[in-house]
Amino acid sequence: MDEKRTVRDGYDAIADDYAAQRTLDGRGTDLVRAFAADLPEGRVLDAGCGGGVPASAVLAERHDVVGMDLSAEQLGHLRENVPAAAPVAGDLTDLPFSAGAFDGLASLFAVIHVPRERHGDVFAEFNRVLRPGGEALVVVGSDAWEGRNPDWLDTGTEMFWSFYGPERNRDLLRDAGFTVEREELVNDELGGDFLFVRVTAEGE
Ligand SMILES: C[S@@+](CC[C@H](N)C(=O)[O-])C[C@H]1O[C@@H](n2cnc3c(N)ncnc32)[C@H](O)[C@@H]1O
């Protein structure tokens, strides 16, 4: 099965199991809170929002949030968890928004599901939909890896991941028009170490 179908069908199948394990605890949520506090009020995209925990939920306290995801079932959870967020179906490689539509953007644990040769395209899309000077919080890989797990979260459902290591991620973000401000390694509650990267869209 191609990667996109594996990911979309996989999240449609396990959305309930994923929601049961995704919490508002942990360092990742702290970083979302810090990002939300720094971000002026405005319109924010949660790209690959899943069920909206933690990013949409935290951001919606003070911002107008649009949550976008490939999986209809994940968007169903977003509707329940964060009624204030506007759910939109879409793909990270071809965002269904106009240029400069957002003041900020968060994307947690989503780019890592796109084949890594397309990560530059995803970052270019993030840059396009942000206004100049807009800020983003993006989760990327901490070590290069690509592969599948046939039984993710003990659900019997296959999942696919693909990512580069820190240097390549930084290069791709800069090539897409971002200034890399800071990054932090976070051990995620669902397993694995990932980099939370804060970037600013150049041009202001
Ligand atoms: C690991 S979950 C993360 C969800 C949420 N951001 C969180 O922090 O828990 C990855 C999400 O990214 C979505 N996703 C993966 N590839 C995508 C793509 N190409 N376009 C849009 N969403 C995608 C999946 O459907 C899934 O909901």
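Can you give the FRET efficiency to the nearest 0.05 for D25 and D143, using r as the Cβ-Cβ distance and R₀ = 30 Å?
E(calc), rounded to 0.05, equals 0.80.
Just want the answer: with Cβ charges of +1 for Lys and Arg and -1 for Asp and Glu, which residue in P132, G147, S71 is farthest toward the dipole's positive end in the range 3-201?
The listed residue farthest towards the positive side: P132.
Quick one: length gained pulling D38 to E189 fully straight, 0.36 nm per residue minus the C-alpha distance?
Result: 51.9 nm gained on full extension.
Between L95, L59, L78, which gets the highest mean-square fluctuation from a Gaussian network model of the chain, Cα cutoff 10 Å?
L95
Checking the a/c ratio against 1.5 first, then a/b against b/c, what shape does the Cα gyration tensor give for the range 3-201?
The shape class here is rounded.
For the chain, what does the relative contact order come out to in percent, with C-alpha contacts under 8 Å and a separation of six or more?
Normalised by residue count, the contact order of the chain is 20 percent.
Could you tell me the distance between the Cα centroids of the range 162-194 and the range 146-161, to the nearest Å?
About 22 Å separates the Cα centre of the range 162-194 from the one of the range 146-161.
Stretch T6-R118 to full length: gain in nm at 0.36 nm per residue minus the Cα-Cα span?
The span from T6 to R118 would gain 38.7 nm if fully extended.
None of the figures in this text is laboratory data; all of them are computed from the coordinates on show. In this text the structure is predicted, and so the values were computed from the model without any measurement. With ideal geometry, Cβ positions are generated from the backbone for all residues, glycine too; neighbour counts draw on all protein chains shown.
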